[in-house]
Structure formats: C-alpha cells, structure tokens
Amino acid sequence: VTRTREEADRTRALAAEEEHLLSCVHCGFCLPACPTYVRLGDEADSPRGRLHLMRAVAEGRLDPASNVLHRHLDRCLGCRACEPVCPSGVPYGHLLERAREVTRAHRSPPLAVRILLALLARRSWTRVASWAARLVRGSGLAGAAARVLPRRWGLPFAMLAASAPTDLRAWPGDVTGAMGEGRHATGSGRVALLDGCVQRGIFGHVNRATVRVLRANGYDVLTVPGQKCCGALHAHAGDLEGARALARRNVEAFRIADPDWIGVNAAGCGAALREYGDLLEGDRLEHEARTLASRVRDVSELLAAAGPRGGAPVRVDVAWDPPCHLLHAQRVHEPPLQVLEAIPGVVRRDLARASECCGGAGVYGMTHPGLGGRIGGDKTSALLESGAELVVTANPGCQMQMGAGLLLDGRRLRVVHLVEILDESYRRAGAAAPGETHEERA
Ligand code: SF4
Ligand code: SF4
C-alpha cells in the first residue's frame with residue numbers, strides 16, 4: 001500500500017491516542033450495552049473489539065485500508081451506550097471519530113452521505129434543500145412514496161413525512177387561564193439558541209416552540225446571526241476538518257452574542273457543541289471553544305432549572321425515548337423527566353430498553369438497512385408495547401427514525417419533541433410571551 005503523507009499523518013493522529021486506547025482493560029462491561037454486539041454476537045462488533053482494531057492500526061499491526069477495519073467501524077452506530085458503563089472511562093466516541101478519519105482516507109463514505117455533508121456545510125444549500133424537502137412533505141408526496149416504495153427506498157421519504165408537525169390539540173384537557181409558578185418568572189438568563197440545520201430546515205415548529213417555552217420560563221432568547229451547522233454529522237463520518245471549519249464559525253458567532261447559555265434542542269448538536277474544546281484542541285480558537293462548550297445546555301436543562309412553570313392539562317400517555325446523545329454523550333437524564341412531570345395530565349408509560357439506540361444514528365438507517373432495520377424494528381415494537389399514545393424525544397434524527405418506523409408499519413403513533421407538549425400546555429393556559437402567538441406554529 002502506498003500511503004500519501006496526509007494518510008500517514010492521519011494514522012499518526014490515531015497513534016497519538018495511545019493513552020486513551022490503552023485505558024481499555026478488556027473487562028467487557030460494555031458488551032451488553034452495545035446494540036450491534038447484542039444482535040450480531042461478534043466480538044469485532046463490540047466496543048472492546050473495535051478498540052482492539054483501532055489499537056492494531058495505531059501500533060502498525062493492521063493496515064488502515066483493511067476491509068475488516070472498515071466493516072466493523074462502519075457497523076458502529078456511534079450511540080456511545082458503551083461510555084457510561086465503562087469503568088475505565090474510555091472516551092469511545094472521541095476515538096471512533098479519529099479512527100473514522102483514518103478509514104475515510106482510504107475509502108470515501110457513500111455518495112448520499114457525501115452529498116448530505118456538502119449540503120449541510122453551506123447554509124444557502126441547506127436552505128434550498130430544506131425548501132424542497134418541505135415542498136415534498138407538504139404536498140403529501142413524501143407520505144405517498146413511503147407507502148408505495150420498497151422499505152429501503154421508502155425510508156428517507158418516511159423520515160421526511162415523520163418530520164411534519166403533529167397537532168397536539170387532538171388530546172383532551174381543560175383550557176384554563178392559569179400558568180403555574182416556575183422558579184423564575186423573569187431573569188433566568190440570556191439564551192442564544194442554536195437553530196441547527198435540519199432543525200431549522202424542517203423542524204421550524206420545534207424551534208418556535210422552544211423559543212416560546214423558554215420565554216415563558218423567564219429566559220431572554222437571543223438570535224445569533226452567522227451560526228452554522230454544528231458539524232456533528234461531519235465528525236461522526238470522520239470529516240474532522242469539515243467539522244472544525246464549522247465549529248470555528250460557530251465559536252465566532254456565539255462569542256459575539258456573549259450569552260449566559262447556549263440552548264440546544266437537538267441532542268446530537270448539543271453533544272457536538274460540548275466537545276468543541278477537544279475538536280479545536282491546539283487551534284487558535286481553543287480557549288473560546290472551551291468557553292462556548294461550558295455554556296451549552298440542553299433545553300430540558302434550562303427548563304428544569306427554571307421550574308419549569310406548569311400550564312393547562314394535556315391528557316396523554318407518553319413514552320419518553322431519550323436520545324443517545326442526550327443520555328450517553330451529554331449524560332442528561334433527569335431534566336427531561338422533570339419537564340414531563342411538570343405538565344398536568346401527562347402520564348409516562350414504561351418503555352423497554354429505552355436507553356438503546358433507535359437505529360437512526362445520523363444516516364445509519366439508510367446506509368445499513370439490514371442491521372439498522374433490526375434495531376429500529378425492536379424500537380418500534382417496544383414503543384407499541386408501551387401502550388403510549390404519543391412518543392416523546394429530543395433529537396430530530398430520532399424523531400424521524402422512530403416516526404418513519406411507525407409509519408412504514410402502518411401505525412398511527414406519532415413522535416414529537418419534548419418542548420412541543422409543554423408548549424401545547426402553555427397554549428391551553430393562554431400564555432404567550434410578548435410578540436409571540438401560539439398560532440405561529442407551522
Ligand atoms: S457506540 Fe454504540 S454501537 Fe458503537 S461500540 Fe459503542 S455501544 Fe456499540
Ligand atoms: S467497559 Fe471499557 S474498559 Fe471494559 S472492555 Fe469496554 S471499553 Fe474496555
């Protein structure tokens with residue numbers, strides 16, 4: 001194999017992670033937490049096995065172009081369920097991104113992934129693609145294509161159809177004029193909202209609901225011009241240079257706004273922003289990146305810190321499915337539950353294996369239709385068995401993946417973002433911040 005200098009540098013970048021790689025003590029505690037190992041039973045498809053392969057590359061014992069390395073790293077969801085259970089604190093997600101940077105130098109990701117990453121890297125392109133996606137969704141074409149196409153080709157259309165707003169007014173509940181007390185009616189702090197790329201493009205209704213519920217809980221919500229895609233999908237695909245370029249733009253944009261908090265309503269983006277310090281290690285903006293990372297909060301954390309205020313009842317049984325990048329990567333567990341508990345009428349149903357990935361994992365459902373389909377199918381079964389009337393999550397990818405699985409199975413169960421139910425509760429209580437109306441929803 002003839003390696004370019006660039007490829008050799010990338011392999012050296014993984015070798016520089018020796019300390020992290022050596023911290024794995026091979027105990028195997030992570031194996032039962034890993035969705036791919038549980039289903040395939042192959043050591044090489046476990047966290048421990050993948051770390052072993054990475055170490056072999058770092059030590060020059062395994063060719064980074066080898067099929068075995070690509071196959072087993074490709075099959076990893078990047079869900080990071082292996083991290084919280086690891087007694088040695090192996091930073092698996094960090095290592096996976098560095099390893100994928102190495103493999104990427106030898107084999108490009110699928111064309112669809114490269115197109116997606118290129119689209120997300122430029123706001124003007126993202127805007128055009130989002131406009132087209134909303135047109136296909138709004139015309140009913142997405143739902144129709146999902147119904148008639150074979151499952152593999154219908155999946156992207158089903159995901160798009162599943163991103164449409166759900167009318168929560170269908171669920172019963174009293175309409176009262178009273179808003180409950182939060183911890184702060186005003187002065188909770190200045191929040192700059194990451195508006196995201198997919199979130200801004202096709203989940204605008206979630207962003208608007210986020211602004212309303214934060215304001216109702218005393219936060220000043222700032223608009224930050226010049227912000228970009230967070231770069232999470234670029235990093236997961238091993239395009240660390242692409243991710244760094246986007247991170248630098250965001251660091252500059254949020255530095256100018258100088259907020260108390262950077263609020264994020266997409267778990268994958270929140271996890272990426274919290275790791276900007278590591279991503280930009282050694283960069284001229286490293287200090288600013290670490291400052292930004294320290295201010296990042298999931299919207300559920302901000303709401304829980306403020307109370308949150310209760311609104312009018314929304315009588316609905318829900319299944320809470322925590323996004324992997326909220327639970328495992330950001331370790332945010334209680335705040336979303338506190339938000340659900342604050343909404344009168346909401347009953348939380350038990351969800352089996354709730355902490356397991358839904359199979360979405362960025363574009364995994366499309367690049368690995370077999371294994372992703374099995375993992376997604378198990379999630380769909382668990383959601384149906386929970387007896388819930390509504391599924392609640394906090395990440396656009398999970399919302400689309402679970403919604404698509406249910407849609408393709410012909411189920412009526414819908415998936416919404418956490419803030420949407422709280423927003424509906426406030427709408428019923430007649431609460432709207434100055435200059436906002438709840439009729440502004442998409
Ligand atoms: S990130 Fe998820 S799929 Fe990958 S090794 Fe860890 S638990 Fe398994
Ligand atoms: S739990 Fe941690 S230390 Fe144990 S095998 Fe898994 S990665 Fe290695």
- Fully extended contour minus Cα-Cα distance, from A112 to D167, at 0.36 nm per residue: 16.6 nm
- Task: Describe numerically, in nm with one decimal, the distance between label points set 7 Å from Cα along Cα→Cβ at A132 and at T291.
- Result: 4.0
- Hey, what's the Kirkwood Rh for the stretch 183-296 if you take every pair of different alpha carbons, in angstrom? 14.2
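Can you compute the helix-only [θ] at 222 nm over the chain? Use -39500 (n - 2.57) per DSSP H run of at least 4 residues, normalise by all residues, nearest 500 deg cm²/dmol. Show your work: numbers first, answer last.
Numbers: 23 runs with 225 residues, N = 442.
After summing the helix terms and dividing by residue count, I get -15000 deg cm²/dmol.
Charges only on Cβ, +1 for Lys and Arg, -1 for Asp and Glu: so what's the dipole of the stretch 76-127 about the Cα centre, in debye to the nearest 20?
On the way: 9 positive and 3 negative charges, 75 e Å.
Dipole of the stretch 76-127, to the nearest 20 debye: 360 debye.
Hey, fewest Cβ within 10 Å first, where do W125, W171, W261 land in order? Please report the intermediate quantities before stating the final value.
Numbers: W125 14, W171 18, W261 21.
Placing the least packed residue first, the sequence is W125, W171, W261.
What is the magnitude of the charge dipole of the stretch 1-122 about its Cα centre, with +1 placed on the Cβ of each Lys and Arg, -1 on the Cβ of each Asp and Glu, and no other charges, expressed in debye to the nearest 20? Write out the running numbers ahead of the final one.
Numbers: 18 positive and 15 negative charges, 82 e Å.
For the stretch 1-122, the charge dipole is close to 400 debye.
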- With all distinct Cα pairs included, what does the Kirkwood hydrodynamic radius of the stretch 297-442 come out to in Å, to one decimal, could you say? 15.9
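State to the nearest 20 debye the size of the charge dipole of the chain about its Cα centre, where the only charges are +1 on K and R beta carbons and -1 on D and E beta carbons. Mind showing how you got there, number by number?
Values: 56 positive and 49 negative charges, 234 e Å.
Using only the charged Cβ atoms, the result is roughly 1120 debye.
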- Message: Per residue, how big is the convex hull of the stretch 291-368 when only Cα atoms are used? Give it in Å³.
- Response: 121
- Item | Cα Rg, Dmax (largest Cα-Cα span) when computed across the stretch 316-358, Å | 10.8, 30
- Query: How much of the calculated P(r) for the stretch 112-238 lies past 21 Å, in percent of all Cα pairs?
  - Reply: 57
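Which trypsin sites (Lys or Arg not before Pro) from the stretch 4-107 combine a DSSP loop assignment with at most 15 other Cβ atoms within 10 Å? The partial results should precede the final answer.
Values: sites: R5, R10, R12, R39, R48, R50, R55, R61, R71, R75, R80, R98, R100, R104, R107; in loops: R61, R75, R80, R107.
Those satisfying the criteria are R61, R107.
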- Message: Please list log₁₀ I(q)/I(0) at q = 0.19 Å⁻¹ for the stretch 27-67, using the Debye equation with identical point scatterers on the alpha-carbon positions.
- Response: -0.56
- Task: Scan the stretch 393-431 for trypsin sites (Lys or Arg not before Pro) in coil per DSSP, keeping those whose Cβ has at most 16 other Cβ atoms within 10 Å, and list them by number.
- Result: R411, R412
- Taking +1 at the Cβ of each Lys and Arg and -1 at the Cβ of each Asp and Glu, which of L119, L194, V211 sits farthest along the dipole of the stretch 111-225 towards its positive end, judged by Cα position relative to the Cα centre? L119
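Once Rh for the chain is found with the Kirkwood sum over Cα pairs, what is the Stokes-Einstein diffusion coefficient at 25 °C and 0.890 mPa s, in µm²/s? Could you put the intermediate results ahead of the total?
Working: Rh = 22.3 Å.
The diffusion coefficient I find is 110 µm²/s.
What Kirkwood hydrodynamic radius do you get for the stretch 8-90 when you take the inverse of the mean 1/r over all pairs of distinct Cα atoms, in Å? Display every interim value, and only then the final one.
Numbers: mean 1/r = 0.0768 Å⁻¹.
After inverting the mean inverse Cα-Cα distance, the result is 13.0 Å.
Read-outs: derived from the displayed coordinates by stated rules, not from any lab. Values in this document were obtained by computation on a predicted structure and should not be read as measured data. Positions of Cβ are generated from backbone atoms using ideal geometry, with glycine treated the same way; all protein chains shown enter the neighbour counts.
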